[in-house]
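Q: Dumping the structure here so I can ask a few things about it.
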Amino acid sequence: MLNGFHGLRLVIAKLTPQWIELLEMLFGLPLRINFRAYAENLECGESRDSTVLRKTRVGYLRMSSVRIDLDRAIVLGITPHGDNSRIVKVLSRSLGVVALWVPLGSGKKRQLGMWHPGALLEISGLQRKGSEGLLRFKEARRAYLYEQLVTDVKRSSVAFFLSEVVMKTFPDESAHPELLDLLWETLQNLDTVAQTGWVHVRFLGQLISHLGLAPTGHLRNERDGLDLQTGEWQQGVFEDEDHFGPKLARVFVFWTLDSSSLEDPFMLNSEERRKLVLGQVRYLQHHLSGPRTIKSYEVLESVFSS
């Protein structure tokens, strides 16, 4: 029985993301099976120093034991796991993107409302034994209580979008403290600023800059475009999802500057705006992880266009 189950796990781990999503839709909730977690976390072996090696699509990832007294974290995504628990992806300042096992409790102690994309938390007693894929914790509390974000559909849709971008762009357990700090500040600003239409655009631009990925070099002329796959300027570039023409290339660079503000100096129509945002995401993914579809963007666009 054990060998058969292990074989099933290995089969699932080799499935494409499209097949995993189909299995989640068909069987995930009724069977309480987290197929995506199997694909990402299973097929492990012990090394000589008892550190667990997890096989991923890019090789083996060391899963050392973890013990952190206090850490900041931002909730990115939630997967139901039974009636009284959740598997929650968070961005940890110390660890990067990690999965937490979250018991919800019952009755008056039930804490479902705390766990939503964009929630800013302080987590104490964060720990994991080497052989466990999920981290556990002693206590989690809100580090910032939103006033408008959870009730305003535009603000919450931006928070969902930014959370999904981070979750699908950055590899698990790769710490980026500057990412946590930037997203933390952005979400706090999102809760208070009057105009929210360019918050996500500025975040993506500043993230590109903070990671040292902003395009370099000098423009040869005003007709140069930008190759999003390489970050290089090109003369007479044709426009598609991986290439910006002169106008969008300059808007792209503007948002990577420290001097950029939420007052957009460029006049963009809805299609240009769409190309800009998706181009920013693809630029990051080309340099970090490879392109993946951000499903929440369609919701974001429909909310702002209504």
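The values are calculated or read from the model by the stated rules, or taken from the named source; none is laboratory data. All values derive from a computational prediction rather than experimental measurement. Positions of Cβ are generated from backbone atoms using ideal geometry, with glycine treated the same way; all protein chains shown enter the neighbour counts.
Q: Run residue 198 past the list (1) in contact (Cβ under 8 Å) with a residue 40 or more places away in the chain; (2) closer than 23 Å to residue 289 by Cβ; (3) buried (at least 17 other Cβ atoms within 10 Å of the Cβ) and report the number of the one that doesn't hold.
A: Only one criterion in (1) in contact (Cβ under 8 Å) with a residue 40 or more places away in the chain; (2) closer than 23 Å to residue 289 by Cβ; (3) buried (at least 17 other Cβ atoms within 10 Å of the Cβ) is unmet by residue 198, namely (2).
Q: If you don't mind, another one. Against the conditions (1) out of contact with any Phe, Trp or Tyr (no Cβ under 9 Å at 6 or more places or on another chain); (2) without any contact (Cβ under 8 Å) to a residue 24 or more places away in the chain; (3) closer than 24 Å to residue 157 by Cα, where does residue 243 fall short? Just the number, please.
A: It fails just one condition, (3).
Q: Take residue 211 and tell me if it is of a type outside the set (Lys, Arg) and under 29 Å from residue 146 (Cβ atoms).
A: In short, yes.
Q: Could you list all residues from segment 134-187 that are more than 23 Å from residue 99 (Cβ to Cβ), surrounded by 21 or more Cβ atoms within 10 Å (Cβ to Cβ) and more than 19 Å from the chain's Cα centre (by Cα)?
A: Across segment 134-187, the qualifying residue is only 146.
Q: Go through segment 233-244 and give me each residue that's in a strand (DSSP E or B) and surrounded by 14 or more Cβ atoms within 10 Å (Cβ to Cβ). It would help to see each step written out before you state the result.
A: At the first step, the residues of segment 233-244 found to be in a strand (DSSP E or B) are 233-235, 240, 243-244.
Those that are in a strand (DSSP E or B) and surrounded by 14 or more Cβ atoms within 10 Å (Cβ to Cβ): 233, 234, 243, 244.
One line per residue, one yes/no per condition, for (1) in contact (Cβ under 8 Å) with a residue 24 or more places away in the chain; (2) not hydrophobic (A, V, I, L, M, F, W, C):
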| site | (1), (2) |
| --- | --- |
| 138 | no, yes |
| 158 | yes, no |
| 166 | yes, no |
| 184 | yes, no |
| 189 | no, yes |
| 202 | yes, yes |
| 207 | yes, no |
| 215 | yes, yes |
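Q: If you don't mind, another one. Going residue by residue through segment 100-110, is there one that turns out to be modelled with pLDDT under 90, assigned to a strand (DSSP E or B), over 21 Å from residue 179 (Cβ atoms) and in contact with a Pro (Cβ under 6 Å, 6 or more places away or on another chain)?
A: no
Q: Could I ask something else about it? Name the one entry in 228, 248, 276 that is more than 29 Å from residue 153 (Cβ to Cβ) and either at pLDDT 95 or above or not basic (Lys, Arg) (or both).
A: 228
Q: Looking only at segment 243-260, which residues are under 18 Å from residue 275 (Cα atoms) and out of contact with any Gly (no Cβ under 8 Å at 6 or more places or on another chain)?
A: Hits for segment 243-260 are 247, 250, 251, 253.
Q: Within segment 254-291, how many residues turn out to be under 23 Å from residue 170 (Cα atoms), of a type outside the set (Phe, Trp, Tyr) and not in a loop (DSSP other than H, G, I, E, B)?
A: Number of matching residues: 14.
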